[in-house]
Amino acid sequence: MILKRVLYIVSILATLVGLYGIFLRFTAGHQGAAYGSYVVWGLWVAMYLFYVGIAAGAVILASLDYVFHLPLFKGTGRLSLALALITLAAGLLHIWLDLGHLERIWKVYLQPNPYSVMAQIVFGYTVLGIIVLVSFYLTFRRPEGALLRWLVIISIPLALFLSGGVGALLGVQAARLFWHVGLFPAQFPVFSLASGIAVMLLVLGFFWDRRDPRLPQMLLVLGIASVILQVIKLYFVWADYSQSLYGGVPQNVEAVEEVLFGPYWWAFWFGQILIGGLLPIAVLSQPRLARHPLWAGWMGAAILLGFAIARANIVFPALTVPELKALVTAFSDPRLEYRYFPSLMEWAVSIGITGAAGLAFLLGLRWLPLIQAEEAKA
Amino acid sequence: MAEPDIILRLQDDLKRALQKPVQERRWVMVIDLRKCVGCSACTIACIAENKLPPGVVYRPVLDEEFGTYPNVTRRFIPRPCMQCDRPLCTPVCPVGATYKGPEGVVEINYEQCIGCRYCITACPYAARTFDFGDYYTRGTAEMAGVVVGQTQASVYERAANFEYGNPWPRRGDASPIGNVRKCHFCLHRVHAGMLPSCVTTCIGRATYFGDANDPDSLVSDLIALPGVIRLKEDLGTNPRVYYIF
């Protein structure tokens with residue numbers, strides 16, 4: 001299939017780019033990064049949020065098959081778990097490479113500060129990863145067994161809680177008014193579910209067996225769910241930003257205006273809202289298009305692009321607002337500036353990890369029976 | 001007859017405080033903004049004392065301008081770490097690498113810090129910076145001889161600083177490279193009976209340091225003055241750096 005060949009080539013090239021980026025990361029450390037001490041988190045943290053969000057959503061979707069035994073989604077559970085594993089690994093790899101001393105990651109497990117939300121979610125995602133790995137194994141050995149069902153049951157609240165925890169990671173920061181809203185732990189699970197559904201739309205649309213008579217209905221149901229969640233997502237964005245602008249607190253207003261009218265306004269309006277939100281709503285709310293694999297697949301990709309930009313628009317703006325206004329000019333140094341654009345090394349690593357995730361998925365499709373489609377009945 | 005240098009009184013206060021058990025000391029800093037001229041000597045003294053690399057600064061001086069011409073005024077505000085009594089940075093650290101020490105200074109264990117920089121996002125004063133492993137001498141010319149040139153000049157850069165009483169030579173990607181760093185009230189100097197570097201360097205004698213638990217100390221008198229404020233008090237951080245306006 002031409003699409004698969006193209007994806008193989010793109011994934012391999014992207015992975016090679018990533019290997020160069022990782023070479024730079026391990027030889028030059030953080031010196032090749034564009035983030036500094038003021039805008040202290042960059043592309044890799046945004047990508048971590050993006051990928052673990054997809055993983056949490058994909059895990060929840062596996063329950064349609066292994067917990068609720070919905071005939072329409074029978075056979076999709078293994079695919080969901082595979083996607084969860086791949087995206088979880090991509091997310092954790094991003095955040096591991098972001099550490100100043102990545103060789104000390106073991107300290108989080110053996111010497112944690114239990115009050116730290118970061119320590120809690122590292123533990124939580126590790127547990128979730130182990131549950132998903134074991135569940136994935138069981139889908140081959142005992143797909144009808146009770147253990148698999150219970151593991152997936154446990155993973156649902158865990159995935160929801162961890163998604164909320166990622167929101168709380170930012171939300172507990174009283175120093176950053178843009179983050180310090182009660183909305184964050186609430187909206188992140190919604191984003192995760194929406195991301196998980198989007199990746200399923202993409203994969204089902206492009207890779208599921210077209211002979212499966214259920215496919216159009218599967219896509220329609222996921223499409224309707226996507227429309228609902230996109231409307232909720234847009235409502236959250238509107239509620240958050242309009243409330244902040246109305247309240248008029250300078251630190252908050254500055255961050256919101258950075259998103260809406262700053263140098264990367266086009267990423268928000270065109271990427272996050274138009275392509276990532278309004279376009280999928282317009283397309284997927286039409287049953288004729290929602291049932292079509294290619295339309296569904298592309299809209300899944302559009303939603304994911306929107307969420308990737310959304311994660312960046314959550315992380316960066318809060319950090320580009322000075323905690324004390326005069327800090328902007330207090331000390332002159334490239335690492336002490338309130339602006340940021342990812343460096344070549346950062347892009348290379350993220351492109352590479354994405355490419356490797358894609359390659360892992362394609363190889364999984366080739367060597368493992370991830371697609372468990374049903375044949376059309378005579 | 002000229003008054004004795006206020007530093008002498010601060011040194012006496014310090015000597016007295018060092019005779020007390022560690023947990024009975026309460027180090028605070030008072031900065032008199034009426035005297036600060038914005039020379040940034042304290043910034044440079046701190047960089048020299050702690051051998052800070054590019055991108056790391058513990059005590060920048062904020063320069064604020066008010067009003068419109070011709071009614072313009074300027075104010076200079078040195079901003080060290082506030083050593084908050086309720087620090088927002090310590091609870092977020094995933095490995096407990098940063099903590100409030102017994103004397104009230106918020107310290108960082110360089111060997112424990114994993115460099116996630118979560119604490120930097122937590123600080124409302126931007127008091128923490130990250131050591132990216134940069135060098136001032138990187139990219140400079142190499143020259144023959146034993147005095148000038150990148151190799152020779154970098155010997156000083158790579159020599160150890162003595163933060164927290166331990167030697168920290170700069171090599172490879174060993175700590176404090178890859179760690180978060182911040183002002184610690186020059187604890188290594190204080191424990192050796194010396195005032196923090198910014199205090200002794202200030203040309204306007206605008207910065208004071210001492211034990212607020214000592215009713216005879218200068219800082220105890222100063223923090224009781226009516227015109228004293230602390231930055232962002234509404235966050236409940238309870239800073240230990242006071243400003244006289």
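Things to note:
- B:D63 versus A:W150: modelled label distance in nm, points set 7 Å from Cα along the beta carbon direction: 6.8 nm
- Counting Cβ atoms of other protein chains within 10 Å of each residue's Cβ and taking the mean over peptide A:33-40 gives 5.
- Between B:G104 and any residue 5 or more places off or on another chain, the built amide H atoms are never under 5 Å apart.
- Approximate spin-label separation B:A48-B:A141, in nm, with each point projected 7 Å along Cα-to-Cβ: 2.6 nm
- Listed residues A:R311, B:R26 arranged by accessible area, highest first, probe 1.4 Å: B:R26, A:R311
- Pairs from B:K51/B:K100; B:K182/B:K232; A:K233/A:K325 whose Cα-Cα separation, in the structure shown, is over 26 Å: A:K233/A:K325
- Overall shape: oblate for the stretch A:256-356, with the ratio a/c of the largest to smallest alpha carbon gyration tensor axis at 1.5 or above and b/c at least equal to a/b.
- Put a dot 7 Å past the Cα of A:L183, heading toward its Cβ, do the same for B:A224, and the two dots end up 4.9 nm apart.
- Accessible area in the full protein assembly, largest first, 1.4 Å probe, for A:T126, A:T354, A:T27: A:T27, A:T354, A:T126
- Folded to 0 to 90 degrees: helix A:344-367 orientation relative to chain A principal axis, Cα: 10 degrees
- A:L368 accessible area, assembled protein chains, probe 1.4 Å, Å²: 70 Å²
- In sequence order, calculated HN-Hα J values of the stretch A:254-270 (Karplus, 6.51, -1.76, 1.60; Hz; x Gly/Pro): 4, 5, 5, 5, 4, 5, 6, 10, x, x, 10, 4, 5, 5, 5, 6, 7
- Annotation note: trypsin sites (Lys or Arg not before Pro) in the stretch B:146-182 located in DSSP loop regions with a Cβ neighbour count of at most 13 within 10 Å are B:R171.
- Chain B: relative contact order in percent, alpha carbon pairs under 8 Å with at least 6 residues between: 32 percent
- Phi to ³J(HN,Hα) by Karplus 6.51 cos²θ - 1.76 cosθ + 1.60 over the stretch A:167-173, Hz, x for Gly, Pro: x, 5, 3, 8, x, 6, 7
- Overall form of the stretch B:1-96 per C-alpha gyration tensor (a/c, 1.5; a/b vs b/c): oblate
- For chain A, the longest principal axis of the alpha carbon atoms and the long axis of helix A:77-98 meet at an angle near 20°.
- For the stretch B:29-37, backbone phi angles converted through the Karplus equation (6.51, -1.76, 1.60; θ = phi - 60°) give residue-by-residue couplings of 10, 10, 10, 8, 5, 6, 9, 5, 9 Hz, Gly and Pro being listed as x.
- In the elastic network of chain A, a GNM with C-alpha springs shorter than 10 Å, the most mobile of A:L324, A:L274, A:L170 is A:L324.
- Degrees separating the helix A:215-247 axis from the principal Cα axis of chain A, which is the longest one: 20 degrees
- Solitary cysteines of the protein assembly as shown, where the nearest other Cys Cβ is not under 4.7 Å: B:C36, B:C39, B:C46, B:C84, B:C93, B:C113, B:C116, B:C123, B:C186, B:C202
- Computed extension length for B:N109-B:V148: 10.6 nm, one decimal, from 0.36 nm per residue of separation with the Cα-Cα distance subtracted.
- Gaussian network model of chain B, springs between alpha carbon atoms under 10 Å - residue of B:P78, B:P102, B:P21 with greatest fluctuation: B:P21
The values are calculated or read from the model by the stated rules, or taken from the named source; none is laboratory data. Keep in mind that what you see is a predicted model, and the values were worked out from it rather than measured. Because the Cβ atoms are built from the backbone with ideal geometry, glycine has one as well, and the counts that use them run over all protein chains shown. In case anyone asks, the SASA skips ligands and DNA or RNA and just uses the protein heavy atoms, side chains included. Shrake-Rupley method; radii C 1.70, N 1.55, O 1.52, S 1.80 Å.
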